[in-house]
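Notes follow the structure.
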Amino acid sequence: MAMFSAPSGYDRAITIFSPDGRLFQVEYALETVKRGSTVLGVTCPEGVVLAAEERSTSKLQDPNFIWKVFQIDDHVGAAISGLSSDARVLVDQARIFAQTNKLTYDEPIDVETLSKKVGDIEQLYTQHGGVRPFGVSIIFGGVDKSGAKVLQTDPSGSCWGYKAVAVGAGSDTVREVLENKYNNNMTLKEAVLLVMECLAKIVEGKLEPEKVKLIVIPVETKKFTYLSKKEIGDYITKLG
């Protein structure tokens, strides 16, 4: 962490501003995100695609417990990069927000509202002594009454909306592909192919279904749907 050259006392157990206006604890958390698995979200008029690079740490590890993409509600999902343990806490809280909104207002929660509520929790953990910022960035994607939405939160509690976004170790490479090839009028299938092309740039070795977790939420159904390994394999074949 020498790259930050943090003055003694400004990167300890309490998050406080350094004399030059920096929050070193938040910057350290952002570094954790940069080293995490690459995840991305893409919107189009027909829906949302969320995807993650799946890294297995051992041949003996059960692949069913490598979680980078989560269902929050029928109409919204989340892709995480960083500390999975931190993400699990925020994902559980996001699910509570979604169900509370449904019980209180008898309607699904807006994707933007959900993202900002989770961002509020992340921001709160940058203000108090004895706690540290969450070492995770979350991409929320879903379809609500205003259409397909993708938003990203980070350890500072910031929340941004995007047409397409990526975070994690390979995010710079992925963003370059997205900026060059994203099309506002692409179909959902074209969006999936674009996501697969991005992942092909950053996964180790050959792109295979076992290295990818991918979901779609079509505007037509507003239903969170995992793509099967066979469906992912078919898209990989189309890439050539």
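The values are calculated or read from the model by the stated rules, or taken from the named source; none is laboratory data. Keep in mind that this is a model prediction, so the values were computed, not measured. Methodologically, a virtual Cβ is constructed for each residue, glycine included, from the backbone with ideal geometry; neighbour enumeration extends over all protein chains shown.
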Over the stretch 153-170, the set of residues in contact (Cβ under 8 Å) with a residue 60 or more places away in the chain and under 16 Å from Gln127 (Cβ atoms) is Asp154, Pro155, Ser156
Checked against (1) at negative phi; (2) in contact with a Leu (Cβ under 8 Å, 6 or more places away or on another chain), Gln123 satisfies every condition except (2)
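So which of Thr15, Thr57 is buried (at least 20 other Cβ atoms within 10 Å of the Cβ), closer than 29 Å to Phe140 by Cβ, more than 14 Å from the chain's Cα centre (by Cα) and modelled with pLDDT under 80?
None of the others qualify; the one that does is Thr15.
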Listed by range, strands (runs of 3 or more DSSP E) wholly within the stretch 18-84 having at least 1 residues that are among the polar types (S, T, N, Q) are 39-44, 69-73, 76-82
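Would you pick out the residues in the stretch 200-220 that are closer than 20 Å to Asp144 by Cβ and under 22 Å from the mean Cα position of the chain (by Cα)? Talk me through it step by step, then tell me what you get.
First, the residues of the stretch 200-220 that are closer than 20 Å to Asp144 by Cβ: 215-220.
Passing the criteria: Ile215, Val216, Ile217, Pro218, Val219.
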Handout entry: Any chance Ile217 is modelled with pLDDT of 95 or more and either outside any strand (DSSP E or B) or touching a strand residue (DSSP E or B) at 6+ places or on another chain (Cβ under 6 Å) (or both)
Key = yes
Subset of the stretch 185-213, residues touching a residue at least 40 places away in the same chain (Cβ under 8 Å), hydrophobic (A, V, I, L, M, F, W, C) and either assigned to a helix (DSSP H, G or I) or within 17 Å of Pro45 (Cβ to Cβ) (or both), comes to Met186, Leu188, Ala191, Val192, Leu193, Leu194, Val195, Met196, Cys198, Leu199, Ile202
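Suppose we filter Val69, Val26, Val89 for residues that are more than 23 Å from Lys149 (Cα to Cα), among the β-branched types (Val, Ile, Thr), touching a residue at least 40 places away in the same chain (Cβ under 8 Å) and surrounded by fewer than 24 Cβ atoms within 10 Å (Cβ to Cβ); which single one remains? Explain how you work it out, then say what you get.
Details: Val69 fails: more than 23 Å from Lys149 (Cα to Cα); Val89 fails: more than 23 Å from Lys149 (Cα to Cα).
Answer to the check: Val26.
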Note on the stretch 92-115: residues in contact with an Asp or Glu (Cβ under 9 Å, 6 or more places away or on another chain), touching a residue at least 24 places away in the same chain (Cβ under 8 Å) and buried (at least 17 other Cβ atoms within 10 Å of the Cβ) are Ala94, Ala98, Pro108, Ile109, Asp110, Val111, Leu114
